[in-house]
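Working notes, structure below.
The values are calculated or read from the model by the stated rules, or taken from the named source; none is laboratory data. None of these values were measured; they are calculated from a predicted model. Here Cβ is always computed from backbone atoms with ideal geometry, including for glycine, and neighbour counts include all displayed protein chains.
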Amino acid sequence: MKNAVVIYESKYGSTKKYAQWIAEELSCDLFERKQIKKDALKQYDVIIYGGGVYAGKVSGAEAVIKAFHTMQDKSLILFTCGLSDPKDVQNAESVETVLRQKMTADTEKNVKIFHFRGGIDYSQLSFADRSIMSMLIKILQKKEPGMLTAQERDMLDSYGKAVDLTDRAAIQPLIAYVQEQCGSLEQ
Ligand SMILES: Cc1cc2nc3c(=O)[nH]c(=O)nc-3n(C[C@H](O)[C@H](O)[C@H](O)COP(=O)(O)O)c2cc1C
């Protein structure tokens with residue numbers, strides 16, 4: 001019997017939504033990253049961590065991966081939440097490459113990564129984030145349309161709008177993985 005915990009870091013709520021859905025389906029504990037100390041993780045066998053994607057990086061993932069280096073007896077499942085479509089291999093790979101750069105070979109063996117789609121509502125962005133997006137969009141608008149990556153096209157298409165691409169059904173592969181790989185979970 002194993003027990004799991006879901007931990008997340010979310011600026012605008014989409015990652016939190018996925019974390020809540022996963023914790024609900026697995027009937028397991030749920031914490032925001034800043035609410036839980038490393039020592040408290042000792043009691044869990046399966047750690048599921050989700051972070052929003054900002055400028056290609058997964059929020060909080062670096063610290064979680066670092067902490068995981070001393071917890072090789074556990075399984076780590078990472079999920080990312082970004083605007084880009086993870087079905088596009090290029091999108092998923094670019095985020096995964098950044099994550100894997102932080103892992104040792106041993107850590108990598110015990111980690112599984114899933115990607116989900118979040119959303120964006122420009123009316124809710126902080127001043128700093130709106131400025132970053134505005135700068136990025138100006139750069140993208142100067143590119144030849146044919147030279148844009150799928151991720152860049154997604155950014156341009158949603159610019160200035162409110163878009164919600166969250167999808168509860170998307171968590172099913174993660175749920176199935178936890179159930180298959182990690183045996184029955186303690187309720
Ligand atoms: C400043 C900023 C940078 C972003 N960069 C990316 C990115 O590089 N790739 C991506 O897919 N989505 C990007 N997004 C979209 C976010 O990943 C998306 O809004 C996600 O839902 C955020 O998670 P949250 O709602 O939990 O904060 C960015 C959003 C902001 C505000």
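A search for C-beta distances below 7 Å between a residue of the stretch 128-142 that is under 13 Å from Glu152 (Cα atoms) and any residue that is more than 9 Å from the ligand (Cβ to nearest atom) and of a type in the set (A, V, I, L, M, F, W, C), counting only pairs 6+ apart in sequence or on different chains, returns Ile137/Leu156; Leu140/Leu148; Leu140/Leu156.
Considering the stretch 64-111 alone, what residues qualify as being in a helix (DSSP H, G or I) and without any contact (Cβ under 8 Å) to a residue 12 or more places away in the chain? I'd like the intermediate steps shown before the answer.
As a first pass, look at the stretch 64-111 and keep what is in a helix (DSSP H, G or I): 64-68, 89-100, 105-109.
Val89, Glu93, Thr97, Arg100, Ala105, Glu108, Lys109, listed by residue number.
Tell me the residue from Ala150, Ala128 that is exposed (fewer than 12 other Cβ atoms within 10 Å of the Cβ), more than 30 Å from Leu26 (Cα to Cα) and of a type outside the set (Phe, Trp, Tyr), please.
Details: Ala150 fails: exposed (fewer than 12 other Cβ atoms within 10 Å of the Cβ).
Among Ala150, Ala128, only Ala128 is exposed (fewer than 12 other Cβ atoms within 10 Å of the Cβ), more than 30 Å from Leu26 (Cα to Cα) and of a type outside the set (Phe, Trp, Tyr).
How many of the residues making up the stretch 67-88 are farther than 25 Å from Gln179 by Cα and either more than 11 Å from the ligand (Cβ to nearest atom) or not hydrophobic (A, V, I, L, M, F, W, C) (or both)? The total comes to 3.
Can you spot a residue in the stretch 33-46 that is within 13 Å of the ligand (Cβ to nearest atom), outside any helix (DSSP H, G or I) and either touching a residue at least 40 places away in the same chain (Cβ under 8 Å) or not hydroxyl-bearing (Ser, Thr, Tyr) (or both)?
No, the stretch 33-46 contains no residue that is within 13 Å of the ligand (Cβ to nearest atom), outside any helix (DSSP H, G or I) and either touching a residue at least 40 places away in the same chain (Cβ under 8 Å) or not hydroxyl-bearing (Ser, Thr, Tyr) (or both).
Of note, Val5 does not satisfy the criterion of being within 23 Å of Met133 (Cα to Cα), touching a strand residue (DSSP E or B) at 6+ places or on another chain (Cβ under 7 Å) and outside any helix (DSSP H, G or I). Got at least one residue in the stretch 20-28 being surrounded by fewer than 18 Cβ atoms within 10 Å (Cβ to Cβ), near the ligand (Cβ under 9 Å from one of its atoms) and either not in a strand (DSSP E or B) or not small (Gly, Ala, Ser) (or both)? No: the stretch 20-28 contains no residue that is surrounded by fewer than 18 Cβ atoms within 10 Å (Cβ to Cβ), near the ligand (Cβ under 9 Å from one of its atoms) and either not in a strand (DSSP E or B) or not small (Gly, Ala, Ser) (or both). Against the numbered list (1) modelled with pLDDT under 95; (2) part of a helix (DSSP H, G or I), Asp129 comes up short only at (1).
Taking the criterion of being farther than 16 Å from Tyr12 by Cβ and polar (S, T, N, Q), the residues of the stretch 151-176 that qualify are Gln151, Gln172.
One residue stands out among those in the stretch 1-17 that are touching a helix residue (DSSP H, G or I) at 6+ places or on another chain (Cβ under 6 Å) and among the small types (Gly, Ala, Ser): the one that is farthest from the ligand (Cβ to nearest atom), which is Ala4. Filtering the stretch 112-121 for residues that are outside any strand (DSSP E or B) and of a type in the set (Lys, Arg) leaves an empty set.
The listed residues are Ile65, Ile47, and the only one of them that is closer than 18 Å to Val95 by Cα, surrounded by fewer than 23 Cβ atoms within 10 Å (Cβ to Cβ) and within 18 Å of the chain's Cα centre (by Cα) turns out to be Ile65.
Go through the residues of the stretch 104-120 one by one and say whether even a single one is within 11 Å of the ligand (Cβ to nearest atom) and either within 28 Å of Thr70 (Cβ to Cβ) or exposed (fewer than 13 other Cβ atoms within 10 Å of the Cβ) (or both). First the steps, then the outcome.
Residues of the stretch 104-120 within 11 Å of the ligand (Cβ to nearest atom): 115-120.
Pick out the ones that are also either within 28 Å of Thr70 (Cβ to Cβ) or exposed (fewer than 13 other Cβ atoms within 10 Å of the Cβ) (or both) and you get 115-116.
Yes, the conditions are met somewhere in the stretch 104-120.
Inclusion of Gly56 among residues that are loosely packed, with under 15 Cβ neighbours inside 10 Å and near the ligand (Cβ under 9 Å from one of its atoms) is warranted.
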